[in-house]
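Worksheet: the structure to be examined is printed underneath.
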């Protein structure tokens, strides 16, 4: 297995090279010019030429790429054109952290809600409640995030005024009791974004848990446990749940991908300055270095997450032989 | 939009001939939800196909005297900001969805995905390695970012190319029909939607190759074409259908999302993405909820139907 | 069952990690600023008593692209820069918009109008207390005009100074036309008498920066700039907030307002305003009905103010079919701007009556632009050389380009397209480009027709008339050329009598509108609600320093 991990890790830089080069080429060969964006409405050709020369935009694209690569290897991801005076790392990592926090909470909620629902559905298998649970979750998955957010915001923020309209203010907020004691509570800013994030995710988790739980429920040791008079909760918790969790590891990657993509709308619609919103702005204004950095970081995170998921799976389930995909 | 392809990956359909198709169909027929989904999809797609005939108004016809009106006898689903008939726009948006999903399924899933999957599984060796590594690259790219990037950067290039084509051939109206943006949206989507299909097909082919009937066919000197056409293809057909049904929702959703971001189908062509964009915003929702609810409802219904159908098909093929 | 125990352990580790991360961010929050959640009980904390709650204003903001006055070319950046930095002169609040002395206490203009001598205020200091000298002014302007900095605004604002173009191209060691007479006196020589030169000097390109700070840290100095303006940048958290604090030794007296906080993240500004999270809120199209409804309390806080900005559709006079003015005019008469504004913008924009906007010297209220008249439009089109009849050239494909990020960005455009189709029978394609591509194409003058906007940089008609319509101007993106217009603009450039000068611009405006290289669409209006506790706030037609006039009573 060590060899397999090493092989996968060696593949990572190759992959990042390919990803960065194709992004680079796409951004530069495409029309549009970040210099014209930063120059404002009065655009003097001499100035534009000077800026291009300073940034190296006047050189051949492969050469520009090598220049970028050379800097990137040393940890310098370049400078944003839209946020001058700030390096790309300074710009993207705090925003990534915001999105990551939101994503982590969303992921936890997806699992925390999805798993019990899956177990419940499996227990109710054969009754009409089982398909109803799964059907409802499937329906929730089908509602586009774009459609979920406006009514929620209208209802809870505009009409009832229970929640703030959006923005980002950390995961926790302080709830003041009589203005003296402060207890941290989940920040109300997060409620609507989290609902939007998690609704489409439940079904995947619940369905997978349900399938495994159905199989486990038929296993001898579970039947034995039941016949021994163990309470249902104990059976579920001790025997069914651990087995049902195993395949879930494989969907963590999928769930993450969904959350990353959801970030684009949720952040745009809810006024959260996270990485999704930044990436979209960078793409439309050709902020080359930011585009590159975000895609490369996204790709790396994606690959590493999947590798970790595979490794955990390999550790907990020795039947899975990593690397023997053939045959 | 990533679609969960996990379930289908685990299926191991037995060898199937014509009669098996009939069995699966019979199983599917018994599932009422699946049939309902088929009907819903059918209605929405029919709306798309016959939009020019069915729509009470042109989707561009404006009436600035009656903007943002709720449903009425003249406009069954109300009007939008420019006083255009929402029902007609919904129908033409369904047409866009229809065109994009069909084109992407045909090109991305069926042709590229299957072709490469078959090739990869059958030939093996460096061909297999190359295809799978290219697949790895695509599947590790953040799909939506790349789609937005591709559409934003190459949009003008494609339009110019099509315009050049018009000039050299004398054909007109291609650009005006919105073809370039359709072309771009679907080719960009195809780029990302072939990988799943190819992987599953390859895995299945690898298994089948070890089977007796293939080895004996090869031993008897059957050409690769014969082996693929008569022995391998029929055996992966169900997988292909499962895979297609699993990706349909993702493809339809992606087009909507791209258009919502302004890099998909261009106005005045109708798209659910553009309609949703107009209706989003809590205050707009407060004042004219139909702007969001009409397209939102249709999209939800369509995606839900795709989900249910995919599920039911999966069950039917697995013998449930 | 062993693997299950393993899994349980792994899950345990995971949940511990989650707890740690959660606890960490909670404690960070505890030690950092007070929570500003939407719950009632926590709102009492937002005053953060220590920093003189009575003098604090909360404004919705956006991250500036730079805090460097010499590089900024966008109004977002300028809004912060004009508070933190200052220059020799500035422009006073509307409606007068008069030129006022700022860092300078006096200015003397030579009789030939080519030499300007400024004397600096004795009490003008940087935020660190150092006195501002004439050398600082010279160094700052030479920095702004240097080749290395490649400032996008240098040529437009400073090129009138003798020797500046040579210096900008790297052909001179310094700007010949700037002379330091003594530590508090500086003299500028300009190439010809230009009545608008002082107005140009009010722009951030001529603001004073601290040489020592810039040279010590050329890349990051803007994070805590040592400016000369009434406010100091005390906090800048990207994507979250920017805080400006009054500089108590400001040369015009300590500002009354202690602190201005710009909140960068968040949803609808109006809702936050109503939740008392903001003191000012610009109104969007979704809010406007409510704010204008006299029955609503909100309407008493509502105001709208003209902006020095105009939107227009431009036709490239070199590309068919717009090489024929009749086509341009016909299209101008085929669109009903008033109605389209009322429907698509709920009347938030005012149909333009000309090119020069309200409040700008030279503006006249009477309507000069082409008005909606379907029959006249058809008749005009019939006069053109394009069409289907005998001897007519068939219409080429017409594409209208616009910049747009969202799917329905061109909702008004779609309305024009439909009117051109129904009134004139012209099928016009819309092409939406992302902003970067749009301005690149616009600049290369290859767009057949496009919709765009122009924002005034300084309150002088020269800034739009000369820049956009002079035949050889690089910003004349519609390839417009009319020798009569050029002659009028040439004359206006050096005319010293203000009234005569403005009259020349009015004549040029009439000629231009008759030629219709532009269809002026709308003048912008800013719509906002302002909390009653804020006094002295104004929405200027262009970016101007204003915090120094503001007071908050709470």
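Coordinate-derived values only; no laboratory data. No experiment lies behind these values; they were computed from the predicted model shown. Cβ atoms come from the backbone with ideal geometry, glycine included; neighbour counts cover every protein chain shown.
Quick check: the angle from helix B:86-104's long axis to the longest principal axis of chain B, C-alpha only, nearest 10 degrees?
It is inclined by approximately 20 degrees.
In degrees between 0 and 90, to the nearest 10, how far off the longest principal axis of chain B does helix B:18-30 point, with axes built from Cα atoms?
So the inclination is approximately 40 degrees.
Using alpha carbons only, how many degrees (0 to 90, rounded to 10) separate the axis of helix B:32-49 from the longest principal axis of chain B?
Result, in degrees: 60.
May I ask what percent, to the nearest 5, of DSSP beta bridges between residues of the protein assembly as shown are antiparallel? Can you show the working numbers first?
Values: 62 of 77 bridges.
Counting DSSP beta bridges with both partners in the protein assembly as shown, the antiparallel share is about 80 percent.
Cα centroids of region B:178-246 and region A:181-260: how far apart, whole angstrom?
Distance between centres, Cα-based: 34 Å.
In Å³ and rounded to a whole number, note down the convex hull volume per residue for the Cα atoms of region A:201-259.
Values: hull volume 4.1 nm³, N = 59.
Per-residue hull volume (Cα only) is 69 Å³.
For region C:396-554, max minus min Cα coordinate along each principal axis, in Å, sorted largest first?
Cα spread of region C:396-554 along its principal axes, largest to smallest: 63, 46, 30 Å.
Given Cα positions, please report Rg to Rh for region B:217-320, the hydrodynamic radius being the Kirkwood one.
So for region B:217-320, dividing Rg by the Kirkwood Rh gives 1.25.
For peptide C:464-470, what's the mean number of Cβ atoms from other chains within 10 Å of each residue's Cβ?
Per-residue shielding by partner chains comes out at 0.
Averaged over B:269-278, how many beta carbons belonging to a partner chain fall within 10 Å of each residue's beta carbon?
Details: counts 1, 0, 1, 3, 5, 5, 2, 6, 6, 4.
Partner Cβ neighbours, averaged per residue: 3.
Can you sort C:329, A:238, B:27 from fewest to most other Cβ atoms within 10 Å of each residue's own Cβ? The partial results should precede the final answer.
Details: C:329 23, A:238 14, B:27 18.
Result, fewest neighbours first: A:238, B:27, C:329.
Is any residue of region C:149-193 close enough, with backbone N under 12 Å, to a label point placed 7 angstrom from the Cα of residue C:494 along the Cα-Cβ axis, and if so, which?
Only C:191-193 fall inside the zone, counting backbone N under 12 Å.
Tell me, what is a quarter of the convex hull surface for the C-alpha atoms of chain C, in nm² with one decimal?
Projected area, direction-averaged: 34.6 nm².
Starting from the coordinates of the alpha-carbon atoms of region B:99-285, obtain the Kirkwood hydrodynamic radius over all distinct pairs and give the value in Å to one decimal.
Details: mean 1/r = 0.0543 Å⁻¹.
For region B:99-285, the Kirkwood estimate is 18.4 Å.
Roughly how many nanometres apart are two label points built 7 Å out from the Cα toward the Cβ at residue A:7 and residue B:161?
Spacing of the two 7 Å Cα→Cβ label points: 3.6 nm.
Once you wrap a convex hull around the alpha carbon atoms of region C:162-244, what is its projected area averaged over all directions, in nm²?
It is 7.9 nm².
Once you treat every alpha carbon in chain A as an equal point and sum by Debye, what is log10 I(q)/I(0) at q = 0.08, 0.10 Å⁻¹?
Each listed q maps to, in turn, -0.53, -0.78.
What number, rounded to the nearest 500 deg cm²/dmol, is the helix-based mean residue ellipticity at 222 nm of the protein assembly as shown, given -39500 (n - 2.57) per DSSP H run of at least four residues and division by all its residues? Don't skip to the end; give the middle numbers.
Working: 47 runs with 607 residues, N = 1201.
Calculated at 222 nm, the ellipticity per residue is -16000 deg cm²/dmol.
Dividing the Cα radius of gyration by the Kirkwood radius, what Rg/Rh value follows for the protein assembly as shown?
On the Cα set of the protein assembly as shown, Rg over Rh gives 0.99.
Considering only C-alpha atoms, what is the centroid distance from region C:240-305 to region C:469-539, in Å?
Taking the Cα centre of region C:469-539 as reference, the centre of region C:240-305 is 30 Å away.
Could you put C:73, C:309 in order, starting from the residue whose Cβ has the fewest other Cβ atoms within 10 Å? It would help to have the intermediate numbers written out before the result.
Working: C:73 22, C:309 19.
Ascending number of Cβ neighbours within 10 Å: C:309, C:73.
Using only Cα atoms, locate the centre of region A:61-138 and the centre of region B:295-309, then give the distance between them in Å, rounded to an integer.
So the separation of the two Cα centres works out to 25 Å.
Spin-label point model (7 Å from Cα, Cβ direction): what's the residue B:111 to residue B:241 distance in nm?
2.3 nm
Set the Förster radius R0 to 30 Å, insert the Cβ-Cβ distance between residue C:131 and residue C:166 as r into 1/(1 + (r/R0)^6), and round the FRET efficiency to 0.05.
0.45
What is the fewest-to-most order of C:166, B:255, C:429, B:278 by other Cβ atoms lying within 10 Å of their Cβ?
Starting with the residue having the fewest Cβ neighbours, the order is C:166, C:429, B:278, B:255.
Using square roots of five times the C-alpha gyration tensor eigenvalues, list the equivalent-ellipsoid semi-axes of chain B in whole Å, biggest first. Mind dumping the intermediate values first?
Working: eigenvalues 318, 115, 55 Å².
In descending order the semi-axes read 40, 24, 17 Å.
Just checking the output field for B:37-43: average partner chain Cβ neighbours within 10 Å of each residue's Cβ?
Values: counts 0, 0, 0, 0, 0, 0, 0.
Per residue, the number of nearby Cβ atoms from other chains is 0 on average.
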